[in-house]
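**Q** Below: one structure in structure tokens.
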Amino acid sequence: MWGVFATALSLGLISSLHCVGMCGPLILALPMRPFGMLLYHAGRLCVYVILGGMFGLLGRTIHLAGFQQWFSIALGVLILVWALLRAAGWRSARGGKLFLPLQVFIARLWQSPARGSYLVLGMANGLLPCGMVYLALAGAASFSRVDESVLFMLLFGMGTLPALLLLRISGRLIGVAARQHMRKLVPFAVVLMGVLLILRGLDLGIPFISPVLAHGPGQAVSCH
């Protein structure tokens, strides 16, 4: 199981490269001092933990119904299909009208000088549509215990911190070209996550990669 948690941390690290490439200008534009930036990221992590709990409940329900194995495989296949579609040039609409009120709310928070607004701003940004967050939530939903799902999302969020904090500290030392190169690593993380979810559902008995899953309530999960 610790191998899966290491994957969450690694996924967060690679996801942060995606964030640097996509949202770098926004991070640099935030008028924050170090304490405000920490509040902002604390807000993001809070949202990830809450979402982890919600998707953990979904995973727990699927586990009790006896479909955890097939659910993990199905998630992995969907992730790989999504990765292939992205590689072929398919792009989905981002946010649309559904997230417009949230975007307006964020714009208003940017104009607020209060420190507390940074925490709320981080929470609001954590709710914006992001493929890498969706990917992490898919992994969180594959667990049979809610606390494991919460820990998975917490580690994912912590993994996003180093690159984003470094970007803020280094400022414009990380140029546009460098951020674009960082984004090229993201597809590899997506494919790796999909493959790991499929292997996890196959019950191959491989420690940390494909442990024997419980097939119903009352059966213990073997991770060794």
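**Q** Anything in segment 50-82 that is within 11 Å of SER144 (Cα to Cα), free of Cβ contacts under 8 Å to residues at least 60 places away in the same chain and β-branched (Val, Ile, Thr)? List them, or say none.
**A** The one that is within 11 Å of SER144 (Cα to Cα), free of Cβ contacts under 8 Å to residues at least 60 places away in the same chain and β-branched (Val, Ile, Thr): THR61.
**Q** Another question about this same structure. So if I check each of HIS63, HIS18, which one is surrounded by 13 or more Cβ atoms within 10 Å (Cβ to Cβ), modelled with pLDDT under 90 and farther than 26 Å from MET158 by Cα?
**A** Result of the check over HIS63, HIS18: HIS63.
**Q** If a residue has to be surrounded by 22 or more Cβ atoms within 10 Å (Cβ to Cβ) and in contact with a Lys or Arg (Cβ under 9 Å, 6 or more places away or on another chain) to count, how many in segment 140-153 make the cut?
**A** 3
**Q** Also, I was wondering about something else. Given the criteria out of contact with any strand residue (DSSP E or B) (no Cβ under 7 Å at 6 or more places or on another chain), at pLDDT below 70, surrounded by fewer than 16 Cβ atoms within 10 Å (Cβ to Cβ) and part of a helix (DSSP H, G or I), does HIS181 qualify?
**A** When the stated conditions are applied, HIS181 passes them.
The values are calculated or read from the model by the stated rules, or taken from the named source; none is laboratory data. From a predicted model like this one, the values you see are computed outputs, not experimental measurements. Neighbour counts are summed over all protein chains in view; Cβ atoms, including those assigned to glycine, are modelled from backbone coordinates with ideal geometry.
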